[in-house]
Amino acid sequence: VKHERFELLLDPETSARLARIRQTGTKPEQEVRKVLAAVGLRYRLNNRDLQGSPDIANRRSRWAIFVHGCFWHRHQRCKRTTTPKRNREFWEAKFRANQHRDERAVESLTKEGFRVAVIWECETPRTDVVLQRVRDAGII
Ligand SMILES: [Zn+2]
């Protein structure tokens, strides 16, 4: 939703593609939440009081999870990480800013003693991968 204003600059094809991406935007988060519930983790959503507003977090237990859309957050070597041909410079700047913000968020949270996991949208259908990410971060 927060990216909506950029659509005005887009050609119809790109616009349609983004609309599809956003439609499924909450689905990846739901997949992750299912896994967390299955292992008995409690959490809050949209943690605006924490750096980078992690999608899922537990402040008291000091862990945070970002569920990143591959396109917006630039998942490396992922086929969803395309760059629109029009307004290329604009997009590249936008993506760089996103990546910067993501890095800062992880750094800052880690400094505050949070265990942080980043889970990519394309990974969320795989329960085993989600679980592994959560384990690797030391959340469980
Ligand atoms: Zn991906």
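The values are calculated or read from the model by the stated rules, or taken from the named source; none is laboratory data. Quick caveat, the model's predicted, so the values are computed rather than measured. Here the Cβ positions follow ideal geometry from the backbone for every residue, glycine too, while neighbour counts run over all protein chains shown.
Quick check: anything in the range 109-119 part of a helix (DSSP H, G or I) and acidic (Asp, Glu)? Before you say what the answer is, go through the steps one by one.
Pass one, the range 109-119, residues part of a helix (DSSP H, G or I): 109-111.
Applying the additional criterion that residues be acidic (Asp, Glu) yields none.
The answer is no; no qualifying residue exists.
For the range 99-126, name all the residues that are farther than 18 Å from ASN47 by Cβ and touching a Lys or Arg at 6+ places or on another chain (Cβ under 8 Å).
GLN99, GLU121, CYS122, GLU123, THR124
Would you tally the residues in the range 93-111 being among the acidic types (Asp, Glu) and exposed (fewer than 12 other Cβ atoms within 10 Å of the Cβ)? Please lay out each step first, then the result.
Keep residues of the range 93-111 that are among the acidic types (Asp, Glu), which gives 102-103, 107.
This time we only want the ones that are exposed (fewer than 12 other Cβ atoms within 10 Å of the Cβ), so: 103.
Of the residues in the range 93-111, 1 are among the acidic types (Asp, Glu) and exposed (fewer than 12 other Cβ atoms within 10 Å of the Cβ).
For the range 31-54, which residues satisfy the criterion of being within 16 Å of the ligand (Cβ to nearest atom) and touching a Pro at 6+ places or on another chain (Cβ under 9 Å)?
Selection gives GLU31 alone.
Checking the structure you have, find out if any residue of the range 61-76 is away from the ligand (no atom under 16 Å from the Cβ) and surrounded by fewer than 18 Cβ atoms within 10 Å (Cβ to Cβ).
yes
Checking THR127 against (1) among the polar types (S, T, N, Q); (2) in contact with a helix residue (DSSP H, G or I) (Cβ under 9 Å, 6 or more places away or on another chain); (3) surrounded by 18 or more Cβ atoms within 10 Å (Cβ to Cβ); (4) over 29 Å from ASP11 (Cβ atoms), which single condition isn't satisfied?
Of the numbered conditions (1) among the polar types (S, T, N, Q); (2) in contact with a helix residue (DSSP H, G or I) (Cβ under 9 Å, 6 or more places away or on another chain); (3) surrounded by 18 or more Cβ atoms within 10 Å (Cβ to Cβ); (4) over 29 Å from ASP11 (Cβ atoms), the odd one out for THR127 is (3).
Could you list all residues from the range 49-93 that are free of Cβ contacts under 8 Å to residues at least 60 places away in the same chain, closer than 19 Å to GLY138 by Cα and of a type in the set (Val, Ile, Thr)?
ILE56, VAL67
Please verify whether ARG80 is assigned to a helix (DSSP H, G or I), at pLDDT 95 or above and charged (D, E, K, R), treating the condition exactly as stated. Give the derivation first.
Details: assigned to a helix (DSSP H, G or I): no; at pLDDT 95 or above: yes; charged (D, E, K, R): yes.
It is false that ARG80 is assigned to a helix (DSSP H, G or I), at pLDDT 95 or above and charged (D, E, K, R).
Among the residues of the range 81-134, which ones are basic (Lys, Arg) and over 15 Å from VAL67 (Cα atoms)?
Filtering the range 81-134 for residues basic (Lys, Arg) gives 85-86, 88, 94, 96, 101, 104, 111, 115, 126, 133.
Across the range 81-134, the qualifying residues are LYS85, ARG86, ARG88, LYS94, ARG96, ARG104, LYS111.
Please work out if GLN30 is at pLDDT 90 or above and exposed (fewer than 15 other Cβ atoms within 10 Å of the Cβ). Don't jump to the end; show me each part of the working.
Working: at pLDDT 90 or above: yes; exposed (fewer than 15 other Cβ atoms within 10 Å of the Cβ): yes.
Spelling it out, GLN30 is indeed at pLDDT 90 or above and exposed (fewer than 15 other Cβ atoms within 10 Å of the Cβ).
I need the full set of residues from the range 81-140 which are away from the ligand (no atom under 16 Å from the Cβ) and of a type in the set (Ser, Thr, Tyr), in order please.
SER108, THR110, THR127
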